[in-house]
Amino acid sequence: MGSITTVAAGPHRILLRHSSSHPSSLKLFSFSSSSSFSPSLLLFRKFSSTPPHRRFCSISNSDSNSIVADLLDYLNESWTHFHATAEAKRQLIAAGFDLLHENQEWDLKPGGRYFFTRNMSCLVAFAVGHKYNIGSGFHVIAAHTDSPCLKLKPKSASSKSAYSMVNVQTYGGGLWHTWFDRDLSVAGRVIVRSSNNSYVHRLVKVKRPLLRIPTLAIHLDRTVNQDGFKPNLETHLLPLLSMKPEEISSESKEKTTTLSSKASHHPLLMQVLSDELKCDVDDIASVELNVCDTQPSCLGGGNNEFIFSGRLDNLASSYCALRALIDSCESPGDLASEHAIRMVALFDNEEVGSDSVQGAGAPTMFQAMKRIIGGLENNYVGEGSFERTIRQSFLVSADMAHGVHPNFMDKHEEHHRPELQKGLVIKHNANQRYATTGITSFLFKEVGRLHNLPTQEFVVRNDMGCGSTIGPILASGVGIRTVDCGIAQLSMHSIREICGKEDIDIAYKHFKAFYQSFSSVDKMLTVDI
């Protein structure tokens, strides 16, 4: 296990575990036992108790008001949509939000802060203004927790030649060639049998490199650079797990073949999971695992101006929204003059169309709104409380945006080329692939203008197809005013994406300003008179 050392750093103490075999297995802070260490290099932030994972980046003291370091922690915790939701839950509880359950009665009060999860991959949190009246609106920022990835098939055990392979299925529209030659592992959730024969939901993350999808040597594919790399996603995308037991040492063979295994998955994989969960293999009743990149999220670029990470689409938006809600109602006085209800909704399955019980296509958010209104009505007698509330409400659909690629500038419409570090991108599409209108764009940009926050505009070229977001799905569901926006990024849907460090703080400030200022901005404009 290694030795434990306590390092004093001001009012804080840090437990450091020295281990020559697993230097990254620290509970609070990871570092190599051979590297130099100074407690003054650590940043103590309000919400992060997770390992900083910053061996490849530095955050200067001048960035003390930035949330970028906290975002890096969030990304490094959130290998899967399950972990992203669990980490959001942890931070909300730490900030004083009360956990609700959809299958129980809710006791809500003005000034209260609450949240619930669904499937541990969807989360809705909200804060009720002290001056809330029936018919006042919801101010919502919605994002999604899922990202394109590889997922283990229900029967993942496979063998080819001398190798144990893992059967995977593609989730979403990933750039699958970027998954080759990466140090991969698995993470997700399992159902574990407990001592009293009941079952518990557990999250698991194997941090060490466990899998790899090797490319074919150029000597065996001489035309790949001319014709392009075109792998067959069924036969060429299987990760290697290990050599088959009969090809390895007799000691390892005996250990592997004597394991009590599930027929659907390799015994070795099940043993790795059981070691992580500290349970018997036979107690693992079900697994739902993603293949994940083990390389940490970090800062990069000559001036550390970029964030290099997987899953920026759309965990960057999710975290900025979550943090903005938490910080906008941090002190008791923050909700004192608020008439509206501030809400964040993080949905699953956006990358595959949102049509699931935990996706934006389900009525999760609007059912919650009805319950909230009903719980706050008391003895109110009136007509159309929910319908009037929706007409007073406003939704920000936050999803990452396409920054202009310097090597492919012609892929953007000439006058709409969003740049990194230039603020949130307002997305427009005349064919309603985005839900932005002239009215909603104006109102959201006005919030930014009042707080000196820049915005940009994006429309896709007429000769190219346009992606979509959860914005139109939610807007059309009950008729809520919606603007689509996002942080500009490069390498979207790659295993390793890029966005600008400054844009994270701009997005956070814009979202926080939205919660704090939208009520007054909305009163400035009347449309239906």
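Bear in mind that the values in this text are calculations on the coordinates, not laboratory data. What you are looking at is a predicted structure, and each value in this text was computed from that prediction instead of being measured. As a convention, Cβ positions derive from the backbone with ideal geometry for all residues, glycine included, and neighbour counts pool all protein chains shown.
Just a few scattered comments:
- Shown for segment 439-529 is the translational diffusion coefficient from the Stokes-Einstein equation, using the Kirkwood radius over Cα pairs, a temperature of 37 °C and a viscosity of 0.692 mPa s: 215 µm²/s.
- Multiplying the residue separation of Ala217 and Ser520 by 0.36 nm and removing their Cα-Cα distance gives an extension gain of 102.9 nm.
- Computed label-point distance, nm, for sites Arg391 and Asn197 using a 7 Å Cα→Cβ extension: 5.8 nm
- Where a label projected 7 Å from the Cα of Asn462 along Cα→Cβ would reach, residues of segment 408-450 with amide N under 18 Å: 410-417, 428-433
- Dipole-positive endmost among Thr364, Leu322, Val281 within segment 263-364 (Cβ charges, Cα centre): Leu322
- For the pair segment 392-460 / segment 466-529, the C-alpha centres are spaced 8 Å from each other.
- For segment 430-443, 3J(HN,Hα) computed residue by residue from phi via the Karplus equation (6.51, -1.76, 1.60; θ = phi - 60°) reads 5, 8, 6, 6, 10, 8, 4, 10, x, 6, 5, 4, 4, 5 Hz, glycine and proline entered as x.
- Note on His130/Lys230: beta-carbon distance plugged into 1/(1 + (r/R0)^6) with R0 of 60 Å gives a FRET efficiency of 0.50.
- A P(r) calculated from all alpha carbon pairs of segment 274-376, with 10 Å bins opening at zero, reads 11, 23, 29, 25, 11, 1 percent.
- Unit Cα scatterers, Debye sum, segment 353-461: log10 I(q)/I(0) for q = 0.14, 0.18 Å⁻¹: -0.78, -1.05
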